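Participant: The structure's right below; bear with me while I get my questions together.
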Amino acid sequence: MNVDTIATRLFSGLGEVTKEVLMAVAPIIIIFVVLNFISFKLRKRRFAKIMIGFLITIIGLILFLHGVNIAYVPVGKHLGASLASLDYNYILIPLGFLMGFLVGYAEPAIHVMVKEIENISEGRIRGKIMLLFVSIGVGAAVSLSMWRLLAGFSLYYFLIPGYILVFLLGRKVDKMFLAMAFDNGGVATGPMCSTFILSMCVAIAGQLEGRDPLIDGFGVVAMIALAPILSTLVLGYIYKLNDERDQKNKLELQKLAEDEG
C-alpha cells in the first residue's frame, strides 16, 4: 500500500464532514455577528478573540467527527465482532461497563455540562463528582445492554421500570437536580457513545445466533440516555440526605447552646 492510497483513505469523506460542520455552525456565527453589530458592540479585540474561538471550534469539530468516522466506527465494529465470537462471551458484561465508563468519562459534551453545573452552583456541586456519577451511569447502561444482547431480553424490561424509577426519585430530590438529570441524559448520548458503542452493539448482535442487528443491536443509546438520569438523581438524593443531616446537626447544636445558656 503506497502513500497515495493511505492518504486517499485517510482523507476520504473529509469534505462532506467539513460541509456538515459549516452548515451547523454558520447560523450561530451569523446570529452572533448580526447581534454584535446591532446590540452587543463588543470591542474589536474581544470580537476577534471570539471569532478565533469559532474558527478553532470548527477545525476541532471537523477533525473530531472525521476521526470518529475513520477510527471509532470501524474499531467498534471489529471489536464487537471479535468479542461476540469468544467462547466465554459473558465477559462482554464487565467489559461493557468498563468501556461505557471510559467513553462517558471522555465524552466532550459531558465535560461541558459538568463544568456549567459547577459554575452555576458556585462549587456546591463538584464537577468531578458529577462526571463520575454520569460515567458510572453510562457504564451501567452499556453493561445492561450487553446482558440484554446475550440473554435476549426486550428493551421494555429496562426502559419502563427505569423511567418509573426516574419519576419516583424525581419527587425526592431538588428540582435543580431533576433538571440536570435529564440534561445529563441528553449529553451522554454524544458522538462518542453514538459511534463507538452503537456500532459495537450492532456488530455483536450480528455475530450472536438468534439475534437481529436491527432489533437487538439498537436500543443502547436509549439505555445510555436513561442511566445518567438515574445516577444524577441518586447523587441528588445523596446531597439531600447530607443537607438534612447538616441541618439536623445545626439544630441540635443550637438547642445545646440554648440549654447551656
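The values are calculated or read from the model by the stated rules, or taken from the named source; none is laboratory data. Keep in mind that this is a model prediction, so the values were computed, not measured. Cβ sites come from the backbone with ideal geometry, for glycine too, and all protein chains shown count toward neighbours. Quick note on the areas: whole protein, heavy atoms, side chains included, nothing else; ligands and nucleic acids left out. Shrake-Rupley method; radii C 1.70, N 1.55, O 1.52, S 1.80 Å.
Participant: Just one of VAL202, VAL187, VAL220 is open to solvent by less than 10 Å² (accessible area, probe 1.4 Å), closer than 21 Å to ASN69 by Cα and hydrophobic (A, V, I, L, M, F, W, C); which is it?
Facilitator: VAL220
Participant: So LEU159 fits all but one of (1) within 16 Å of the chain's Cα centre (by Cα); (2) surrounded by fewer than 16 Cβ atoms within 10 Å (Cβ to Cβ); (3) in contact (Cβ under 8 Å) with a residue 12 or more places away in the chain; what number is the exception?
Facilitator: Among (1) within 16 Å of the chain's Cα centre (by Cα); (2) surrounded by fewer than 16 Cβ atoms within 10 Å (Cβ to Cβ); (3) in contact (Cβ under 8 Å) with a residue 12 or more places away in the chain, the lone unmet condition for LEU159 is (1).
Participant: LEU235: more than 20 Å from ALA151 (Cα to Cα), at pLDDT 85 or above and open to solvent by less than 20 Å² (accessible area, probe 1.4 Å), yes or no?
Facilitator: yes
Participant: Right, next: With respect to VAL166, is the statement that it is among the β-branched types (Val, Ile, Thr) and modelled with pLDDT under 90 true?
Facilitator: Considered against the rule, which asks whether it is among the β-branched types (Val, Ile, Thr) and modelled with pLDDT under 90, VAL166 comes out as no.
Participant: I'd like to know if the stretch 28-40 contains one or more residues that are without any contact (Cβ under 8 Å) to a residue 40 or more places away in the chain, closer than 26 Å to ALA227 by Cα, in a helix (DSSP H, G or I) and open to solvent by 50 Å² or more (accessible area, probe 1.4 Å).
Facilitator: No.
Participant: Only one residue in ALA48, ALA7, ALA26 is of a type in the set (Gly, Ala, Ser), more than 27 Å from the chain's Cα centre (by Cα) and modelled with pLDDT of 90 or more, so which one is that?
Facilitator: One residue alone meets the criteria, ALA48.
Participant: Can you tell me how many residues within the stretch 164-197 are within 26 Å of LEU98 (Cβ to Cβ) and of a type outside the set (A, V, I, L, M, F, W, C)?
Facilitator: 9
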